[in-house]
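The values are calculated or read from the model by the stated rules, or taken from the named source; none is laboratory data. Here the structure is a predicted model, which means the values were calculated and not measured. Using ideal geometry, Cβ is built from the backbone for each residue, glycine included, and neighbour counts are taken over all protein chains shown.
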Amino acid sequence: MYENQGRDHRRRAVGAALVAAVASAGIENVVLEKHSREHVLGRIRAGVLEHGFAELMREAQCGDRMDREGEIHEGFFIAYNGEMHRVDLAGHTGGNSVMIYGQTELTRDLYEARDRMGGTVIHEAADVQPHAMDADAPYLTWRQGDERHRLDCDFIIGADGFHGVSRRSIPSNVLREYEKTYPIGWLGVLSRTKPVSPELIYARHEREFALCSLRSQVLSRHYIQVPLSDRVEDWSDEAFWEELKLRLPEDVAGSLIAGPSIEKSIAPLRSYVAEPMRYGRMFLAGDAAHIVPPTGARGLNSAASDIYYLYHAMVDHYETGDDAGLESYSDRALARIWKAQRFSWWMTMLLHRFPDHTEYDRHLQETELDYLFSSHAATTSLAENYVGLPF
Ligand code: PHB
């Protein structure tokens, strides 16, 4: 198994989560990583873990610090027309919730678990290439410095991100791709400030979307919708906080504590799925096969969903010789992935203001929000998707 290459990031937690899980089940594996450990642990990523993902981390014996330091959230808010509407996740899902715990911290825990188990992680692996995936004996080649290496294996897990080599190694007459781009981006700021609200606030506003999120009670993560043409340098910290306040209900804006940014970046919004997620003895996982816009917090969780199916399929293969899970991996993973795609698209369309929006579109959006909060069934649908659909 390996993970390597690309510019995107969920792959790190994904590959690491899978190998932690399979290693705890006694399955030997090797991780190839393009970057150094310091680089991997220096990045700020997602922060909302589905109930089922948190469970998987516990099963892989990597959940202790998450359980100590993470926060269980049983609801979140949607702000619109100056008012806050709470989505009671627990109340609508029979007690389910999400775990607020940074992906960076999770990755750190997974690295430490890897160290404890004596597992191999090859860092700074360059020019990784999978070979013979459609035959019985696949292998990988890569370079480290001037030295060339080869690894023969039973299976290759392509958890190497959207720009990675795995998906690109599947012949074009086999691969099908589905894509939707949105003409907007999110400007994100991390700051060492007390969160404005104990629970997340998604704000739909005439001045465009905003999100108040957090990593802990001393670390806030905020986002505002920006045009794709904006660059990070266009936004001073002052301008960011001022614009964020304008998009929040008055009392929330009044209690917002601003502070210097620790990290600031712009991410474009995109939906993407590649099918199938298996080619011979290579299995795609995470961003290598699919991307969602961040609105429903499904990105890392969609990757975790693949890991859930792959982990169980691998355990069945090695423990009992049952290959049903491997055979059905692509279909089962994709069925759930498409539901996460639908939910992310729906929440994105619900909350953002788009350049081509007509008055009709705005009216429909407001009606959708009114319906959401006047219908128990509609709120339940939102809640059950947000905490994560069953596997
Ligand atoms: C985050 O905290 O980074 C975050 C939370 C919820 C989202 C997206 C991002 O929907």
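Computed quantities for the displayed model
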item	result
Residue check for T193: within 18 Å of the chain's Cα centre (by Cα) and polar (S, T, N, Q)	no
Filtered residue count, segment 193-219, keeping only those that are within 22 Å of E105 (Cα to Cα), of a type outside the set (A, V, I, L, M, F, W, C) and touching a Ser or Thr at 6+ places or on another chain (Cβ under 8 Å)	4
Any hit, segment 161-172, residues being in a strand (DSSP E or B) and either more than 16 Å from the ligand (Cβ to nearest atom) or under 30 Å from P355 (Cα atoms) (or both)	no
Test: residue in segment 251-272 that is hydroxyl-bearing (S, T, Y), farther than 30 Å from H290 by Cβ and buried (at least 17 other Cβ atoms within 10 Å of the Cβ)	no
Some residue of segment 231-248 being modelled with pLDDT of 95 or more, within 30 Å of R336 (Cα to Cα) and not charged (D, E, K, R)	no
Positions within segment 270-297 being small (G, A, S), within 16 Å of the ligand (Cβ to nearest atom) and assigned to a loop (DSSP other than H, G, I, E, B), in sequence order	A297
Within segment 122-177, considering residues that are of a type in the set (K, R) and loosely packed, with under 12 Cβ neighbours inside 10 Å, the one nearest to the chain's Cα centre (by Cα)	R176
Residue check, D361 under 21 Å from E208 (Cβ atoms), more than 16 Å from the ligand (Cβ to nearest atom), among the acidic types (D, E) and assigned to a helix (DSSP H, G or I)	yes
Residue in segment 251-269 that is under 23 Å from Q341 (Cβ atoms), hydroxyl-bearing (S, T, Y) and within 16 Å of the ligand (Cβ to nearest atom) present	no
Residue identified as closer than 30 Å to R215 by Cα, at pLDDT below 95 and β-branched (V, I, T) among I307, I337	I307
Residue count, segment 26-43 (criterion: buried (at least 18 other Cβ atoms within 10 Å of the Cβ) and of a type in the set (A, V, I, L, M))	4
Filtered residues of segment 59-109 (kept if surrounded by fewer than 16 Cβ atoms within 10 Å (Cβ to Cβ), assigned to a strand (DSSP E or B) and in contact with a Ser or Thr (Cβ under 8 Å, 6 or more places away or on another chain))	I72, D88
Any hit, segment 325-332, residues being within 16 Å of the ligand (Cβ to nearest atom) and either touching an Asp or Glu at 6+ places or on another chain (Cβ under 9 Å) or not in a loop (DSSP other than H, G, I, E, B) (or both)	no
Inter-residue pairs, beta-carbon under 9 Å, first within 23 Å of H317 (Cβ to Cβ) and basic (K, R) and in segment 3-28, second part of a helix (DSSP H, G or I) and modelled with pLDDT of 75 or more, 6+ apart	R11/G286; R11/D287; R11/A288; R11/A303
Any chance G259 is modelled with pLDDT of 95 or more and either under 22 Å from D154 (Cα atoms) or among the aromatic types (F, W, Y) (or both)	no
So L56, is it assigned to a helix (DSSP H, G or I) and within 25 Å of A267 (Cα to Cα)	no
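A quick yes/no check of all residues on (1) within 12 Å of the ligand (Cβ to nearest atom); (2) of a type in the set (A, V, I, L, M, F, W, C); (3) out of contact with any Pro (no Cβ under 6 Å at 6 or more places or on another chain):
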| residue | (1), (2), (3) |
| --- | --- |
| S197 | no, no, yes |
| L200 | yes, yes, yes |
| E208 | no, no, yes |
| L211 | yes, yes, yes |
| S216 | yes, no, yes |
| R221 | yes, no, yes |
| I224 | no, yes, yes |
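For every residue, the table says whether it meets (1) among the charged types (D, E, K, R); (2) within 16 Å of the ligand (Cβ to nearest atom); (3) over 22 Å from V252 (Cβ atoms).
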{"site": "R43", "(1), (2), (3)": "yes, yes, yes"}
{"site": "L49", "(1), (2), (3)": "no, yes, yes"}
{"site": "A54", "(1), (2), (3)": "no, yes, yes"}
{"site": "C62", "(1), (2), (3)": "no, no, yes"}
{"site": "H73", "(1), (2), (3)": "no, yes, no"}
{"site": "F76", "(1), (2), (3)": "no, yes, no"}
{"site": "M84", "(1), (2), (3)": "no, no, no"}
{"site": "S97", "(1), (2), (3)": "no, yes, yes"}
